[in-house]
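Structure, as structure tokens:
The values are calculated or read from the model by the stated rules, or taken from the named source; none is laboratory data. This one's a predicted model, so the numbers in the text were calculated from it and none came from an experiment. Here the Cβ is made from the backbone with ideal geometry for all residues, glycine too, and neighbour counts use every protein chain on show. Side chains included, ligands, DNA and RNA excluded: accessible areas come from the protein's heavy atoms. Shrake-Rupley method; radii C 1.70, N 1.55, O 1.52, S 1.80 Å.
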Amino acid sequence: MESKVLTKINILSKNLIRSFPTSNHDNDVDHPKFYKLSFFDQFALQMHVPCVLFYPIKYSTFTKISIIHERLEQSLSKLLTHVYPASGRFTSDGQSINCHDEGVLFIKAKVDSQFCDFLKDAKKDIDLALDFCPKIDRSVSNLSITPLVVVQVTEFACGTGIALSVSSEHAVIDGFTALKFVYEWSKVSKMGINIHSDKINCFTFDDFGTIFPPTSDDYLLKRVKSPRDDHYHDLAEMVARRFVINQSVISKLRENVGVVYFRPSRVELVIAFLWRALINVYRRKNNGRLRPCLLSIPVNLRGKVDSPRYENSFGNFVLEVPVKFIPRETGMELQEILLLIKDVIQKTNVSFAKSSDDIHSLASKFHEEIQEWEENEQVDVCMASSLCRFPINEADFGWGKPCLLSFGLRRSDMFWLYDTQCGTGIIVQADLKKDYMDMFGCDKDVLSFTCDE
């Protein structure tokens, strides 16, 4: 698929947005000066991960981009008063966040393209969205001065639309935290919520750094120091493509699975379907030989661990669950792939205990297993992350809901799943090596069960 050339994006200004000052100092929120990082933060991907939301703008609603900028800046400032770590910086030892309100970097930009022209091209080539991600120099030498959150607002020609990119440091902010941050920010913007409103208290700041302390185990840390996406150093080979799986197709997938002991969720069905198709791609690349394949599935622990206090916890609170396909142990029928995934996830859910030590041990065990498989060159590796039921489609800042979304930086073979606007279907953003994508897009089942829009 030939990519359309996008007119160069011009950066207009950069400034730091800090928390909203209150006139009554007696009512100022008393924040801790440091936010200690946890075991889960320690093993998160050490990089900024962007999410880009595209919005059409009606001229009758907003006549000047300056109005949009002002609204976004003021509402972000209000939110930061309550989400104080997002405005911080890493301490020099990298073990904590210095919460002295250094600010979120806010970039204003402009592009000469018309929004409708871009949208038409981007729905066919979602990689065009990467041009709207802020460029961030995240090196060890300047980590203590690098913002944890970077926002870029790009105006399209004639004010026909905007691209809102929010890039967050994954070593502090997981997917739940990042998407909830965007959604809560949109609520403050649209509703003009007062700085002291309890509606802004969207996160709890649990002492995860003490409850789940970082490890000093050099073997476990090896994977963090040599992340799997080092194998994908040639990013030009990575491409993304969107596939839509609507409700009727999900029903057909359920029929194809046949009778099983549980009713598969739409996410379970779609992940099984995608993984099976990708295993077939790997087989074709290996001259028809099936190889072991590792599927990593991030599982949000909020709501699963037996403590209500963690349901809105800020930070990383995700367990990366390894699902292992081994030829001759598991067949290639959709039902067999589905049952393999269900069995692993179900056993993991049962393993969740009330003790933080048990959760810590389980996370360490999974981390070791994933590391062992990733180091084996005879194993294919991929990931599937479900963002379904996250309210990212509802992020209305006052000018409507986003019409297009893009996630990540195309680092490794990965599927991002999120809801269609109606909420019954699933949109898949597939990030694959280009030669894999060429075969994946031509797979007969992928062609039969998906559409581009």
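Some observations on this one:
- With helices as the sole contributors, the chain gives -9500 deg cm²/dmol at 222 nm; each DSSP H run of n ≥ 4 counts as -39500 (n - 2.57), and the sum is divided by every residue.
- Take every pair of alpha-carbon atoms less than 8 Å apart whose residues are at least six positions apart; their mean separation over the length of the chain yields a relative contact order of 22 percent.
- FRET efficiency for the Met191 to Asn287 pair, using the beta carbon distance and R₀ = 56 Å, is estimated at 0.45.
- Counting only residues at least eight positions apart within a chain, or on another chain, the aspartates and glutamates with an alpha carbon under 19 Å from that of Lys342 are Glu255, Glu268, Glu320, Glu329, Glu333, Glu369.
- Solvent-accessible surface of the chain, averaged per residue with a 1.4 angstrom probe and all protein chains in place: 45 square angstrom.
- Cα gyration tensor, the chain - rounded (a/c under 1.5), prolate or oblate: oblate
- Extension gain for the segment Thr215 to Glu255, taken as residue separation times 0.36 nm less the Cα-Cα distance, is 9.8 nm to one decimal.
- Each of Glu70 and Glu377 was given a label point 7 Å from its Cα along the Cα-to-Cβ line. The distance between the two points is 6.1 nm.
- Label-zone membership for region 263-304, site Glu329, 7 angstrom Cα→C-beta point, backbone N under 16 Å: 290-296
- Length-normalised contact order of region 236-375 in % [C-alpha pairs under 8 Å, at least 6 apart]: 23
- Carbon plus sulfur fraction of accessible area for region 139-220, probe 1.4 Å, in percent: 55
- Within straight-line cross-link reach of Lys180, lysines at Cα separation under 22 Å, skipping those fewer than 8 residues along the same chain: Lys36, Lys78, Lys190, Lys199, Lys304, Lys401
- In summary, the lysines within cross-link reach of Lys135, defined as a Cα separation below 20 angstrom excluding same-chain residues under 8 places away, comprise Lys8, Lys14, Lys108, Lys110.
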